[in-house]
Amino acid sequence: MFCFGKYDKYIKTGDATNQSLSQRIEYYKVSYYLIKRNFLFGVGSGDLLKESLMQLERMDSKLDKEFWYIVHNQFVSEFSTLGLIGFLIFVLAIFSPFVKQSLRRSYLFVVFYLIMILSFLSDNTLETQLGVSFCSFFYCLTLAHSLPVKQ
């Protein structure tokens, strides 16, 4: 109930400051407008933060400026950055190894991949050095484990 009380406050006042769920909703609104305006090609690599800040200003967001940031979702972030064309390529690149290894019944790889995909839903995992290192290391480790051993 505590979470919904803060959400109710956000609905009434429009101020999402210090409210995790409400801030995420505000970031999703920003991404919606960015995708709507730049549907095919996105805002461009490296411009997502700048465009998000400008959109928050255009929306006259009541969120304190110290909390202005980008959406916490790798997929939405990529769609905003790359547009439809780049997003489709990204999704194909992300899901094709998953499908291939699922068909080969590489369960360790599939479990790791599901964990990675779930992390994409709550954070921009591939935007940080730690996220890229984590994904790369365990991708290689689980992929190597799933390869057939030659005798």
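The values are calculated or read from the model by the stated rules, or taken from the named source; none is laboratory data. All figures in this text were calculated on a predicted structure; none of them were measured in a lab. Note that each Cβ is placed from the backbone with ideal geometry, even for glycine, and that neighbours are counted across all protein chains shown.
Taking region 41-61 as the range and being exposed (fewer than 13 other Cβ atoms within 10 Å of the Cβ) and assigned to a loop (DSSP other than H, G, I, E, B) as the test, the residues that pass are PHE41, SER45, GLY46, ASP60. Of the residues making up region 63-79, just one is in a helix (DSSP H, G or I), surrounded by fewer than 20 Cβ atoms within 10 Å (Cβ to Cβ) and within 15 Å of the chain's Cα centre (by Cα), namely PHE75. Residues in region 42-72 that are farther than 23 Å from LEU126 by Cβ and in contact with a Ser or Thr (Cβ under 6 Å, 6 or more places away or on another chain): LEU63, ASP64.
Counting the residues of region 121-142 that are in contact with a helix residue (DSSP H, G or I) (Cβ under 6 Å, 6 or more places away or on another chain) and within 16 Å of VAL99 (Cβ to Cβ) gives 1. The residue list SER31, SER22 contains one member that is farther than 15 Å from ASP64 by Cα, among the hydroxyl-bearing types (Ser, Thr, Tyr) and crowded, with 16+ Cβ neighbours inside 10 Å, which is SER31.
Here is a check on your reading of the model: is LEU82 of a type in the set (A, V, I, L, M, F, W, C), crowded, with 16+ Cβ neighbours inside 10 Å, modelled with pLDDT of 90 or more and touching a Gly at 6+ places or on another chain (Cβ under 7 Å)? Criteria met by LEU82.
Taking region 59-76 as the range and being touching a residue at least 24 places away in the same chain (Cβ under 8 Å) and not hydrophobic (A, V, I, L, M, F, W, C) as the test, the residues that pass are SER61, LYS62, ASP64, TYR69, HIS72, ASN73, GLN74.
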